[in-house]
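The values are calculated or read from the model by the stated rules, or taken from the named source; none is laboratory data. Quantities reported herein were computed from a predicted structural model and do not represent experimental measurements. A quick note on method: Cβ atoms are made from the backbone with ideal geometry, for glycine too, and the neighbour counts reach across all protein chains shown.
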Amino acid sequence: MTEYVGKSVFEGIAIGRLKIVKHDEAAASVEKGTPAEEKQKFYAAREKAVAALNALYDQALSSVGEAEAEIFSMHAMMTEDGDLEDAVLAKIDAGESAAQAAEEAGFELSQTFIRIDDEYMKARAVDVIDVSKRLSGYILGKEEQAIELKEPCILASSDFTPSDVVKLDKSKVLGFVTTFGSDNSHTAILARTLALPSVVNIRDSIDLPFDAKMCIVDGFTGKVLVDPDPKTLSEYEEKKKETDAARARRQALIGRKSETEDGREIHIYCNIGGAEDVKAVLANDGEGVGLFRSEFLYLENDDYPSEQMQYEEYSRAAKMLGGKLLVIRTMDIGADKQASYFHLPHEENPAMGLRSVRICFKKPDIMYTQLRAIYRASADGNVAAMVPMIIGVNEVRWVRKVAEKVRADLAKEGIAFNAGMQIGIMIETPAAAIIADELAKEADFFSIGSNDLTQYTLAADRQNQELADIIDTHHKAVLRLISYAADCAHKEGKWIGVCGELARDLGLTEFFVACGIDELSVSPPYVLPLREKICSLSANKADKDTFIK
Ligand code: PEP
Ligand code: MG
C-alpha cells in the first residue's frame with residue numbers, strides 16, 4: 001500500500017481502480033532551432049492554440065452552456081496575453097527552445113498568483129499553467145486527446161485542464177487525484193459539482209505501474225491509498241457506506257429552511273469570488289451571497305476595471321441568483337491582495353496599511369465607479385453593497401455621501417437603480433466591533449469578517465502558518481466582540497451576518513445561534529452541513545456563556 005496526502009476538495013470516500021492520465025512530456029529534451037525559428041514556432045503554435053480554444057468554446061457552449069464555456073474564451077485571451085508573450089520571447093532570446101520558454105514563462109507567471117493567500121487566485125495560477133502547457137504542446141506538434149474511460153475509475157494526473165474536463169465521460173469518474181492544483185482549480189470545482197471525493201496537490205506524481213490498481217480516496221483526511229491491504233480496504237468500504245448515507249441525509253435538506261428545532265431561522269449565504277461561482281451557490285442550495293469578493297475583478301485585470309466591466313459581472317451574478325440577495329463587497333485591495341497598477345507605496349506592515357476603503361479615501365473615484373456599477377446592478381436583482389475595513393463612523397458617512405452622489409448622477413442620466421439598496425459594513429477590526437453601537441446607527445447591516453477580526457484582535461498574522469496550531473480560533477476576545485456587535489446591530493433593528501471562516505465552524509454554530517446571528521456566509525460546499533447543524537440545535541437552549549465566560 002502506498003500513501004499520498006494532499007488537500008481534500010470534496011469530503012467522502014471513493015474506492016475504485018486507478019486510471020493514471022499522463023500529460024505531455026516536459027519540453028526540456030526537445031531540439032531547438034535559432035531564436036528566430038523558435039519565435040516562429042511560438043507564434044504558429046499560439047495561433048493553433050487559440051483556434052482550438054475557440055472550437056472548445058463552441059463545443060462547450062452547445063454541451064454545457066455559456067457559463068461553462070467562458071473558461072475557454074478566457075484561456076484564449078490568456079494565450080494571447082502580452083506579458084506571457086514578452087516572457088516567452090525573452091527566454092527564447094536567452095537560448096531556450098520555444099516549448100521550454102512557454103512552459104517556464106507560464107510557470108513563473110503562475111507563481112505570482114500562487115503567492116497570493118487566496119484559493120481563487122491560486123486557481124488562476126493553474127489556468128496560466130494550462131495555457132502554457134497547451135502552447136508547448138502545440139509547439140511540439142501534439143494534438144489534444146480526450147481521456148478514454150472504459151469503466152468507472154479514480155482519475156489521477158498532474159492536474160486536469162478545462163479541456164480534459166469538458167471531454168470527460170463524467171458518469172465514469174469516481175474521484176480525482178492531482179499532483180498540483182488548489183481548492184479552486186477546475187478539477188476541484190468539477191469534483192464539487194459532481195460530488196466526487198477528491199484530493200488535489202499531493203505534490204507527488206502517482207507512478208504509472210499503479211495504473212489499474214485499487215485506490216481509496218479519503219476526502220475527509222486528504223489521504224490517497226494505492227493498492228490497499230485487505231483490512232484497510234474493508235474498513236474503508238464500511239466507512240464509505242456510512243458517509244454515503246450521511247450525504248444522502250444532507251441532500252434531503254435541499255430546499256429546506258435552515259432553522260433550529262424551535263423555529264429560529266438563520267440564512268445560509270455563500271462567499272464567492274466572481275459571477276461564475278454562483279453556479280456552486282445554487283447547486284449547494286445557498287440562500288444568497290453574503291460576500292462577493294469584488295477585488296478579484298481588480299486582481300485579474302492590468303488596470304482599474306471600468307464601470308461597465310464591473311456592472312456586467314455584478315449584474316450577471318445578480319441575474320443568476322434570481323431574487324436571492326447578493327452582497328457585493330467593495331474592493332479589498334492591499335495587504336495580501338496587491339495589484340501593481342494601484343501603485344501602492346511599499347509598507348512594512350501592509351495588513352495594517354493602506355488597504356481597501358482606505359485607498360478610496362485617497363482615490364475617491366475608485367469608490368464612485370464601483371458604487372455606480374453596484375447601483376446599476378441593483379436594478380437587475382437583489383443587490384446590497386458592503387464596505388470592508390471600517391474603523392469609524394465618519395468613514396461610513398463618507399461612503400454614504402459618495403453613494404448619494406452616485407444616486408443623484410444615475411437619476412440625472414436616467415439609468416435604472418434601486419434607490420433603497422442596503423449599504424452594510426464589515427466588522428473586521430476591533431475598533432469597529434467596539435464602537436458597533438455607533439456604527440449600527442449608520443450601516444444597514446453588519447457582517448463579521450472573522451478572518452481579519454481574529455488577526456487584528458489576537459495580533460496574529462493570518463498568513464503565518466507557524467501560528468496555525470498555537471492560536472485559539474475560538475478565543476473569547478474575538479467571540480465577545482462578535483456577541484457585542486450582534487447586540488448592537490439588533491438594538492438598532494439591523495441584521496448581522498458572519499462571512500469569515502468561523503461561519504462554517506460547526507463548533508461555533510451554537511454560539512452564533514445564541515448571539516442571534518441572522519446569517520452565516522460560507523463556501524458553497526459547507527451550506528448543507530451547516531444547515532444540518534442548525535436544524536439540530538435549539539435556539540432557546542443555545543448558551544453563549546459557555547463560549548465567552
Ligand atoms: C474576513 O476578514 O473575515 C473576510 C471575510 O474578508 P477577507 O477574508 O477577504 O479579508
Ligand atoms: Mg477581511
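How about the stretch 181-299: which helices (runs of 4 or more DSSP H) wholly inside it have at least 3 residues that are at pLDDT 90 or above?
Filter on the stretch 181-299 gives 230-251, 278-283, 295-299.
Take the stretch 414-439 and flag every residue that is away from ligand 2 (no atom under 16 Å from the Cβ), within 29 Å of GLN308 (Cα to Cα) and among the β-branched types (Val, Ile, Thr).
Answer for the stretch 414-439, where residues must be away from ligand 2 (no atom under 16 Å from the Cβ), within 29 Å of GLN308 (Cα to Cα) and among the β-branched types (Val, Ile, Thr): ILE415, ILE423.
Is it true that ALA485 is part of a helix (DSSP H, G or I) and crowded, with 22+ Cβ neighbours inside 10 Å? Write out each step before concluding.
Details: part of a helix (DSSP H, G or I): yes; crowded, with 22+ Cβ neighbours inside 10 Å: yes.
The answer is yes for ALA485.
Can you pull out every residue in the stretch 79-116 that is more than 25 Å from the chain's Cα centre (by Cα) and of a type in the set (A, V, I, L, M)?
Matches in the stretch 79-116: ALA87, VAL88, LEU89, ALA90, ILE92, ALA94, ALA98, ALA99, ALA101, ALA102.
Given the residues LEU537, LEU528, LEU520, LEU479, which is the only one that is aliphatic (A, V, I, L, M), closer than 17 Å to ALA433 by Cβ and touching a residue at least 40 places away in the same chain (Cβ under 8 Å)? Break it down into steps so the answer makes sense when it comes.
Working: LEU537 fails: closer than 17 Å to ALA433 by Cβ; LEU528 fails: closer than 17 Å to ALA433 by Cβ; LEU520 fails: closer than 17 Å to ALA433 by Cβ.
Residue meeting the stated conditions: LEU479.
Please go through the stretch 506-549 and pick out each residue that is under 17 Å from ALA485 (Cβ atoms) and in a loop (DSSP other than H, G, I, E, B).
Within the stretch 506-549, LEU508, GLY516, ILE517, ASP518, LYS544 qualify.
Is it the case, given these coordinates, that ILE471 is more than 30 Å from ALA384 (Cα to Cα) and either more than 16 Å from ligand 2 (Cβ to nearest atom) or in contact with a Cys (Cβ under 9 Å, 6 or more places away or on another chain) (or both)?
Values: more than 30 Å from ALA384 (Cα to Cα): yes; either more than 16 Å from ligand 2 (Cβ to nearest atom) or in contact with a Cys (Cβ under 9 Å, 6 or more places away or on another chain) (or both): yes.
Taking the combined requirement at face value, the residue satisfies it.
For residues that are farther than 22 Å from GLU242 by Cβ and of a type in the set (Val, Ile, Thr), scanning just the stretch 6-32, find the one that is modelled with the lowest pLDDT. Spell out the reasoning first.
Filtering the stretch 6-32 for residues farther than 22 Å from GLU242 by Cβ gives 6-7, 17-32.
Within this subset, residues satisfying the condition of being of a type in the set (Val, Ile, Thr) are 20-21, 30.
Values: ILE20: 93, VAL21: 88, VAL30: 64.
The extreme case among them is VAL30.
Scan the stretch 312-321 and tell me whether some residue there is over 29 Å from ARG249 (Cα atoms), at pLDDT 95 or above and acidic (Asp, Glu).
Yes, the stretch 312-321 contains a residue that is over 29 Å from ARG249 (Cα atoms), at pLDDT 95 or above and acidic (Asp, Glu).
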